[in-house]
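Asks: Provided herewith is a single structure, encoded as structure tokens, for subsequent inquiry.
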Amino acid sequence: MTEYTTFAKTLSEELVIDRPVDVVYGALHKLADWPKHLPHVPAVDILYDDGTYQEFRMEVISEGGKRIRVRSIRKCNGGDRIEFFQPQPPVFLRHHAGFWTFKDQGQGTLVGTRHYWTVEETAASEQFPTNTGEHVKGLLAEHARFALSTWKKVLEA
Amino acid sequence: MNIAQSIFIAADIETTYAAFADIVRWKQILPDVLDVKLLYDDGYNQEFTMTVERPQGVETVRGVRYCTYPFRLELFQPEPPPGVARMAGVWEFTNTDDGTVVEASRQFTLRDNPDLGRLESRDLTFAEKLRGYLATNLEHFKRSIETDAVH
């Protein structure tokens, strides 16, 4: 994989969702339905969607009740991979990108999420004065695990 | 609708790819590009705006590219030109013994407009115009890259 070689940091998380691949992929692909499924995403504003390429703004309720709006651009291959990046990542990040993967496991789907990032050093140090790198990684890992566990809960219900 | 244009450039694949990948440099290479703003670039994902001069006036498009060194630049336009609903494509770079073949392919869908006539004839007219722009741009890149390669 040559596409992410410029990134300094990466993490990955995965779990199995007991639903078929097409159902899981379809749920993550269909942005318009996210507010129906995800309690922490009250709104999604789709700016562009041709089925393969998507651009959207989503409102997210973070821990502590703060509402943030994030713009993302995605490339969807129709079956087992959705790539994403945030053209305007959180202030403590210079770059943030990654992808979801969906692998058939018989009755279920192994869903993986991989994140790549580079830190915006000054802003990150101000926000996380000690153990800056670990704090940033911890925050992104927590976000990744929360997204996976939420989708598992929603799709297995 | 799908179209494609290709050209041979007498330069190695890395140099050729680099010229196309450096979107800000397009302003020096293509005479009709008035401005380029690089909004995001992480080495793989790029977002930019490009302002070009067209016979019907100045147009600004916003594009996104996926850069796979040194073989492929995949693109789409979340804000395509006026009259266009979808514009996507690929620049592909193939190594040969003495240079690089660059193929530009595009897939486009025009916005429906009954006042402007049947969609099929408009598709063909637009495709011809787009092929012309691609062919001209490829020639400009060839000239620029081969001139740089000599000096």
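Asks: Quick check: from the Cα gyration tensor, does the stretch A:108-157 come out rounded (a/c under 1.5), prolate or oblate?
Replies: It comes out prolate by the Cα gyration axes.
Asks: A further question follows. Name the long-range amide H neighbours of B:Tyr40: under 5 Å, sequence gap of 5 or more, or other chain; modelled H, no Pro or chain starts.
Replies: The list, which skips near neighbours in sequence, is B:Glu47.
Asks: Given charges of +1 on the Cβ of Lys and Arg and -1 on the Cβ of Asp and Glu, with all other atoms neutral, how large is the dipole of the stretch A:106-155 about its Cα centre, in debye to the nearest 20? Don't jump to the answer; show the numbers that get you there.
Replies: Numbers: 5 positive and 5 negative charges, 96 e Å.
Charge dipole of the stretch A:106-155: 460 debye, to the nearest 20.
Asks: Can you find, among A:Tyr48, A:Gly26, A:Met58, the residue farthest towards the positive end of the dipole of the stretch A:1-79? Put +1 on the C-beta of Lys and Arg, -1 on that of Asp and Glu.
Replies: Result: A:Met58, furthest along the dipole toward the positive end.
Asks: Turning to a different aspect of this structure: Across the protein assembly as shown, how large is the tail of the calculated P(r) beyond 26 Å, expressed as a percent of all Cα pairs? Don't jump to the answer; show the numbers that get you there.
Replies: Numbers: 25178 of 47278 pairs.
Summing the P(r) of the protein assembly as shown above 26 Å gives 53 percent of all pairs.
Asks: When all C-alpha to C-alpha distances in the stretch A:1-125 are sorted into bins of 5 Å, what percent of pairs does each bin hold, rounded to whole numbers?
Replies: The calculated distribution, bin by bin, is 2, 10, 17, 21, 22, 16, 8, 2, 1, 0.
Asks: To the nearest 20 debye, what is the magnitude of the charge dipole of the stretch B:29-151 about its Cα centre, counting +1 on the Cβ of each Lys and Arg and -1 on the Cβ of each Asp and Glu?
Replies: 340 debye
Asks: Cα-Cα pairs above 13 Å in the stretch B:36-87: how many percent? Intermediate values should be presented prior to the final figure.
Replies: Details: 809 of 1326 pairs.
It works out to 61 percent of all Cα pairs.
Asks: Hey, another quick one. Residue by residue through the stretch A:25-36, what is 3J(HN,Hα) from phi via Karplus (6.51 cos²θ - 1.76 cosθ + 1.60, θ = phi - 60°)? Round to whole Hz and write x for glycine and proline.
Replies: 4, x, 5, 6, 6, 7, 4, 4, 8, 4, x, 6
Asks: Give me the three principal axis extents of the stretch B:1-75 from the C-alpha atoms, as integers in angstrom, largest value leading.
Replies: Between the extreme Cα coordinates on each principal axis of the stretch B:1-75 lie 36, 30, 28 Å.
Asks: Another question about this same structure. Just the Cα atoms of chain B, one point each, no solvent: what log10 I(q)/I(0) does Debye give at q = 0.16 Å⁻¹?
Replies: Debye output, listed in q order: -0.90.
Asks: Based on Cβ point charges of +1 for Lys and Arg and -1 for Asp and Glu, what charge dipole magnitude is obtained for the stretch A:1-146 about its Cα centre, in debye rounded to the nearest 20?
Replies: On the way: 17 positive and 20 negative charges, 32 e Å.
Here the size comes out at about 160 debye.
Asks: Amide H of A:Thr52 versus every other amide H placed in the peptide plane: which residues, excluding those fewer than 5 positions away on the same chain, fall under 5 Å?
Replies: Under 5 Å from the amide H of A:Thr52 lies no amide H from a residue far enough along the sequence or on another chain.
Asks: Moving on to the next point. Just list whichever of A:Lys30/B:Lys27; A:Lys30/B:Lys142; A:Lys9/A:Lys66; A:Lys66/A:Lys103 have alpha carbons separated by over 31 Å in the model shown. Present the calculation step by step, with values, prior to reporting the outcome.
Replies: Numbers: A:Lys30/B:Lys27 38 Å; A:Lys30/B:Lys142 42 Å; A:Lys9/A:Lys66 26 Å; A:Lys66/A:Lys103 34 Å.
Over 31 Å Cα-Cα: A:Lys30/B:Lys27; A:Lys30/B:Lys142; A:Lys66/A:Lys103.
All of the numbers you see were taken from the coordinates with simple rules; none came from a lab. The structure displayed is predicted, hence computed values, not measured ones. As a convention, Cβ positions derive from the backbone with ideal geometry for all residues, glycine included, and neighbour counts pool all protein chains shown.
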